[in-house]
Amino acid sequence: MKVSIDKEACIGCGVCVSIAPDVFEMDDDGKAKVIKEEGFDESTVQSAIDQCPTQAIKSE
Ligand code: SF4
């Protein structure tokens, strides 16, 4: 699994950072960014994907 953030869709709520702080971080623009693109716990990241209110976290 690889993840990325759709910056247009992200509203900067911080949910993903709360769930997976080793994978997501708030960027200077107030939106989330991915700080670990691979090798993370996929079930935790899937939880962040599921709970993002705007479906801004994309996975492939
Ligand atoms: Fe952005 Fe979604 Fe993360 Fe909230 S959970 S900061 S909307 S990517």
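The values are calculated or read from the model by the stated rules, or taken from the named source; none is laboratory data. The model shown is predicted, which means the values in this text are computed figures rather than measured ones. No Cβ is skipped: glycine too gets one built from the backbone with ideal geometry, and neighbour counts run over all protein chains shown. Quick note on the areas: whole protein, heavy atoms, side chains included, nothing else; ligands and nucleic acids left out. Shrake-Rupley method; radii C 1.70, N 1.55, O 1.52, S 1.80 Å.
Quick rundown of the values:
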| item | result |
| --- | --- |
| C-alpha long axis of helix 42-51 to longest principal axis of the chain, angle in ° | 30 degrees |
| Kirkwood Rh in Å, taken over all unlike Cα pairs in the chain | 11.0 Å |
| Solvent accessible area, Å² - GLU38, 1.4 Å probe, full protein context | 120 Å² |
| Average accessible area per residue (Å²) across the chain - probe 1.4 Å, nucleic acids and ligands excluded | 60 Å² |
| With all protein chains modelled, accessible area of LYS36 [1.4 Å, Å²] | 80 Å² |
| Size of electric dipole in the chain: Cβ of Lys, Arg +1 and of Asp, Glu -1, about Cα centre, debye, nearest 20 | 120 debye |
| Surface share of carbon and sulfur [accessible, 1.4 angstrom probe, percent] for the chain | 44 percent |
